[in-house]
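Here is the structure we will look at.
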Amino acid sequence: MKIFALLLILNLTCFALKLENISTTMQTNIDKSLQILSQSKGDKTLVAKDIFALFDEIFDYKLMARLSLGKFYEKLDKNEQEKYEKAFETSLKNSFTSKLTLYKDQILKVKKGEQKNEKRYFLSTSMMIDGEEKFVIFKFYNNQNDWLIYDVDVLGVSIVQTYRSQFEDHLKNEKLETLITKLENIKI
């Protein structure tokens with residue numbers, strides 16, 4: 001029984017992203033993603049699936065979902081939270097997948113990391129678009145020494161804040177169930 005518990009602990013911690021490995025791991029995964037994109041011949045759903053396999057362990061989709069819903073999240077019961085989190089992740093991934101056709105051989109490079117405090121770390125990356133350097137910032141939090149992404153700023157716009165603003169507007173006039181249905185039905 002002790003051996004099983006030890007193996008379980010080792011298995012759970014082997015995917016933990018340590019602070020000192022964030023830049024290297026992210027650049028490696030970004031390079032692999034760009035290679036997958038450059039070698040792809042068509043089906044963007046398959047390409048996205050390969051890219052998600054590289055990053056799923058690093059993104060905390062549940063926290064992103066919770067932050068995106070803001071104060072409304074705590075009003076949900078456990079089942080509603082789980083349903084919403086799943087719909088949010090599906091929507092986020094479908095949105096990403098639909099934008100893969102915009103990729104035109106750009107190269108994303110890790111520029112620098114900055115530890116904001118004990119619990120926050122921002123990793124700046126950049127790419128050249130039409131001769132101008134554009135930035136993407138991956139925001140990490142410390143989850144018991146496993147650093148996970150809770151937000152991404154793309155060209156100065158936070159994904160979580162954008163969703164939160166859209167969801168607040170939606171929930172002023174509509175029920176959560178209609179929001180979940182919309183998230184579930186976003187097509188690629």
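The values are calculated or read from the model by the stated rules, or taken from the named source; none is laboratory data. Nothing here was measured: the structure is a model prediction, and the numbers come from that model. We place every Cβ from the backbone using ideal geometry, glycine too, and count neighbours over all the protein chains shown. Ligands, DNA and RNA are stripped out before the accessible areas are found, and what is left, the full protein with its side chains, is counted by its heavy atoms. Shrake-Rupley method; radii C 1.70, N 1.55, O 1.52, S 1.80 Å.
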For the range 18-74, how many residues are under 18 Å from Lys104 (Cα atoms) and of a type in the set (Val, Ile, Thr)? 5
Suppose we keep only residues that are part of a loop (DSSP other than H, G, I, E, B) and open to solvent by less than 90 Å² (accessible area, probe 1.4 Å) within the range 175-187. Which one would you say is modelled with the lowest pLDDT? Ile186
Between residues in the range 51-64 that are over 20 Å from Tyr84 (Cβ atoms) and touching a residue at least 12 places away in the same chain (Cβ under 8 Å) and residues that are part of a helix (DSSP H, G or I) and open to solvent by less than 40 Å² (accessible area, probe 1.4 Å), which pairs lie under 7 Å by C-beta distance while being six or more apart or on different chains? Ile51/Ser33; Leu54/Asn29; Leu54/Ser33; Phe55/Asn29
Let me confirm something: among Asn117, Asn94, Asn142, which residue is at pLDDT 95 or above and closer than 23 Å to Arg164 by Cα? Asn142
Of the numbered conditions (1) more than 18 Å from Ser165 (Cα to Cα); (2) in contact with a strand residue (DSSP E or B) (Cβ under 6 Å, 6 or more places away or on another chain), Leu63 fails exactly one; give the number of that condition. (1)
Is there a residue in the range 131-145 that is open to solvent by less than 40 Å² (accessible area, probe 1.4 Å), in a helix (DSSP H, G or I) and in contact (Cβ under 8 Å) with a residue 40 or more places away in the chain? no
